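Enquirer: Can you read through this structure? Questions will come right after.
The values are calculated or read from the model by the stated rules, or taken from the named source; none is laboratory data. The structure displayed is predicted, hence computed values, not measured ones. Cβ placement follows ideal geometry from the backbone for every residue including glycine, while neighbour counts extend to all protein chains displayed. Please note that ligands, DNA and RNA were not included when accessible areas were found on the heavy atoms of the full protein model with its side chains. Shrake-Rupley method; radii C 1.70, N 1.55, O 1.52, S 1.80 Å.
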Amino acid sequence: MENKKEIVLSGIRPTGFLHLGNYYGALRNWARMQYEYDCYFFIADWHSLTTHADTKDLKTNTRRMVSELVAGGLDPEKCVIYLQSDIPEIAELYLYLNMLAYRGELEKTSTFKDKVRQQPENVNAGLITYPVLQAADILIHRALKVPVGKDQEQHIEMTRNFAERFNHRYGEVFPLPVAFNYGGELVKILNLDGSGKMSKSENQMNTIYLNDDDVLITRKIMKAKTDQGPVAVNSKKPDYIQGLFTLLSLVSKKDTVDKFEEDFNQCRIRYGDMKKQLAEDLVSFIRPLRENAQRLQQNPAHIDGILSDGAGKARKSARATLVKVREAIGF
Ligand code: TRP
């Protein structure tokens, strides 16, 4: 019987340790989606070559990331977890889609323009066709829903354009995918100094990683930027304070959050106390996750088993799409 669940797909590049922003912005939602959709989650290791020429740590990074994804809630029995590089069908689809992608649109992609600024000495063809490879990732399973953050929405829109052109030129093969998250906005986790979204590459003291130990988490929180406190009741919170409150709302009990909110609004907040509580609750949240991930990493054969299992399932779906694609083109 045909499977009627909609297909969800998302990917992540293996270029660093997972942090709280990845957890709350992506992983937590993926873990929920695996029970409601047919889910494919993968490590975009080919994409990482566009910026990381050095592949010495690729295998370690990949295995660590898979451990963290599983420790963070992905269940290999419930969703398909795989490496992009294990699915050669994606590369073939990428080739076809490249003929439908135009230089002008690729050059004006925001992520591309950012990279040109960041690495002007390495503006390679893989970098400019990054959205085409991403489209191949998505279309290879004829996915409908792609959980991603704001910064990736342009790529999903480009994916729709490539899919539409393919369908128009060769015949209907692809549904048109959309960026998707549960109702409304994703929680936005800020750096501990309030300077924008928590990210892998920023100052490590401003980012909390799922791999940080208890002492380090506590040290980072205690060092987080604060000030003298508000001087007028019901003031608007500066970003760096709002960031701490957001974390508190995610890991602490409601009573605790309400108490500090009230203290803030009444100008009697003691940030030292709040940070102590936040550090304690964050430690309790992260510890089991970190310990599970570390336990998994001690068994690389088990991780490789998850990945080869995932590759088997992903290739089956990918092959079925390629049969349709080749037939439509006329090979
Ligand atoms: N470009 C995405 C990012 O940097 C990663 C990615 C690659 C992806 N292929 C994808 C995400 C396909 C969703 C679907 O976050």
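Enquirer: How many residues does the stretch 172-188 hold that are of a type outside the set (K, R) and in contact with a strand residue (DSSP E or B) (Cβ under 7 Å, 6 or more places away or on another chain)?
Expert: At the first step, the residues of the stretch 172-188 found to be of a type outside the set (K, R) are 172-187.
Still in the list and also in contact with a strand residue (DSSP E or B) (Cβ under 7 Å, 6 or more places away or on another chain): 177-180.
The total comes to 4.
Enquirer: Would you point out which residue out of A293, A301, A320 is open to solvent by less than 70 Å² (accessible area, probe 1.4 Å), out of contact with any Ser or Thr (no Cβ under 7 Å at 6 or more places or on another chain) and among the small types (G, A, S)? Before the answer, list the steps.
Expert: Numbers: A293 fails: out of contact with any Ser or Thr (no Cβ under 7 Å at 6 or more places or on another chain); A301 fails: open to solvent by less than 70 Å² (accessible area, probe 1.4 Å).
A320 is the lone residue from the list that is open to solvent by less than 70 Å² (accessible area, probe 1.4 Å), out of contact with any Ser or Thr (no Cβ under 7 Å at 6 or more places or on another chain) and among the small types (G, A, S).
Enquirer: While we're here: Would you point out the residue of the stretch 124-171, among those that are part of a loop (DSSP other than H, G, I, E, B) and out of contact with any strand residue (DSSP E or B) (no Cβ under 6 Å at 6 or more places or on another chain), that is farthest from the ligand (Cβ to nearest atom)?
Expert: Among residues in the stretch 124-171 that are part of a loop (DSSP other than H, G, I, E, B) and out of contact with any strand residue (DSSP E or B) (no Cβ under 6 Å at 6 or more places or on another chain), the one farthest from the ligand (Cβ to nearest atom) is G171.
Enquirer: Of all the helices (runs of 4 or more DSSP H) wholly in the stretch 22-107, which have at least 1 residues that are under 18 Å from the mean Cα position of the chain (by Cα) and at pLDDT 95 or above?
Expert: 28-33, 45-48, 58-71
Enquirer: Looking only at the stretch 1-57, count every residue that is away from the ligand (no atom under 11 Å from the Cβ) and hydroxyl-bearing (S, T, Y) and tell me the total.
Expert: The qualifying residues number 5.
Enquirer: Can I ask one more? Any residue that is out of contact with any His (no Cβ under 7 Å at 6 or more places or on another chain), open to solvent by 60 Å² or more (accessible area, probe 1.4 Å) and not assigned by TED's automatic domain parsing to the domain that holds E89 - is there at least one of those in the stretch 241-249?
Expert: Within the stretch 241-249, one or more residues are out of contact with any His (no Cβ under 7 Å at 6 or more places or on another chain), open to solvent by 60 Å² or more (accessible area, probe 1.4 Å) and not assigned by TED's automatic domain parsing to the domain that holds E89.
Enquirer: Something else: State whether the residues of the stretch 66-81 include one that is out of contact with any strand residue (DSSP E or B) (no Cβ under 9 Å at 6 or more places or on another chain), surrounded by fewer than 22 Cβ atoms within 10 Å (Cβ to Cβ) and basic (K, R).
Expert: no
Enquirer: Residue check, V187 against (1) over 21 Å from L289 (Cβ atoms); (2) touching a helix residue (DSSP H, G or I) at 6+ places or on another chain (Cβ under 8 Å), all met but one. Which one?
Expert: Failing condition for V187: (1).
Enquirer: Scan the stretch 145-169 for residues that are touching a residue at least 60 places away in the same chain (Cβ under 8 Å) and crowded, with 17+ Cβ neighbours inside 10 Å and jot them down. Even if it seems obvious, please write down each step before you answer.
Expert: Narrowing the stretch 145-169 to residues touching a residue at least 60 places away in the same chain (Cβ under 8 Å): 145-149, 162, 165-166, 169.
If the condition is that a residue be touching a residue at least 60 places away in the same chain (Cβ under 8 Å) and crowded, with 17+ Cβ neighbours inside 10 Å, then K145, V146, P147, V148, F162, F166 are the ones that fit.
Enquirer: Residues of the stretch 104-117 being in contact (Cβ under 8 Å) with a residue 12 or more places away in the chain and open to solvent by 20 Å² or more (accessible area, probe 1.4 Å), which ones?
Expert: E105, E107, S110, T111, F112, K115
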